[in-house]
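Below is one structure; the comments refer to it alone.
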Amino acid sequence: MKKEMGIFDILYVLAKRRTFVIVFTLLFAIGAIVYSLLAPKHWVSKAVLVPVEDSGNVFGALDGGMLGMRSGSLLGGMQRDPAVEFVSIMQSRSFREEVVKEFDLLRYYKLLDKPPLEAMEKAVFRLGNKMTHISTDQESKLITIKVETKDKLLSKNIAQYYLDSLQEYLSTKRGSKSKMQRQFLEEQVSYTKATIESLAVALKDFQKENRAVGLDEQTEALIGLYGESVAQYYKAEIEYEVAKQQYDSNSAVLADLARRRDVLAGKVKELESSNSQLVPSYIPQISRIPDLSMQYAMLKINLEIQKTVFEYLYPQYEIAKLEEARDMPSYDVLDSPSLAGLRSKPKRALTVVVITVMAFLLACLLAVIMENLQVTHRDQMDRVLGAFKRKTPGKE
């Protein structure tokens, strides 16, 4: 019957087969040392960020106003955990594909000989499950991004790219009602501002072309000049009619009054014409005053209307920008990615120690098994020889 081995039996076997145990363990230890020295080094770059939550202090002064009403009607019931949202964005497939393309990870993973779709699928999987590790702490809301590659600079650049791409996504691609309102008001403000500038230029050109710098004052000056000329004409006409009663038709006095009357009549007629030389260049022609007044009034009215619209729109636009800033999630970077000072793997000392210990235990197990096999084989041989001797006649 086979006897069970005790602790002393095991120690005896190990002492007996110590050469095998030592050689076996040394071979594995040397192999572990060689592996740890030749294995490619990996480097980790880490970034830590925390979402910035709106405390409401900045917008407290606007409570009860337009911003408060908009916040209550548009943003109510849309509370989301920024940390979970940030992690979901960075773990999305489209986000990872951008990282693969940006850093040519198909070449890094040696997948260029694969079909494009298969290569991208494998690269995205390895990026998300082996190269990058994104985690969040539910209590502190800290988000940790770890990137591990064979190049310390590549690890740092990928981690930084995650931060930059996240910020770009939040600022340009993430849609919200407040953002759409801000964009709409921004377009309206830009259009109104351009209209005001266009009307101002048109008004300036109109005044320059028609010499209508101050149309009311210019009209008053022209009317004064015209009225004075007409009054002088009527005065000369009256003097001429009175002189006709006193002087003969061939009188020199009557002839002078007639010439003076005719000159004044021509002056009045010229003032009423559109090309009068008697009107200064800075005063519009009297025949054009009604049309100029109408055109000038329309330009002024349109300009004032657009100014009023702009005065209403611009405060709304500023409020929309503040609301968008409040609605837009953001984060603070607590630890920026940096070049790793220590490799993450291989851990040479740990690797050598673990493999050496496991090799020693395996060597001990093999030594015990070999001893048991040898003992079993010897017992079987002894039984065979004993049986053979019993069947053979003995000598006397």
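Throughout, read-outs are computed from the coordinates displayed, never taken from laboratory work. Not measured: the values here are computed from a predicted model.
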Quick check on my link table: of LYS46/LYS130; LYS114/LYS156; LYS46/LYS110; LYS204/LYS267, which ones sit more than 20 Å apart, alpha carbon to alpha carbon?
LYS114/LYS156; LYS46/LYS110; LYS204/LYS267
Hz values of 3J(HN,Hα) by residue in region 352-365 - Karplus curve (6.51, -1.76, 1.60), Gly and Pro given as x
5, 5, 5, 5, 5, 5, 5, 5, 5, 5, 5, 5, 4, 5
Taking θ as phi - 60°, what are the ³J(HN,Hα) couplings along region 138-149 by the Karplus curve (6.51, -1.76, 1.60), each to the nearest whole Hz, with x for Gly and Pro?
5, 7, 8, 6, 6, 10, 10, 10, 10, 10, 10, 9
Determine the distance separating the Cα centre of region 330-364 from the Cα centre of region 109-156; give it in Å without decimals.
18
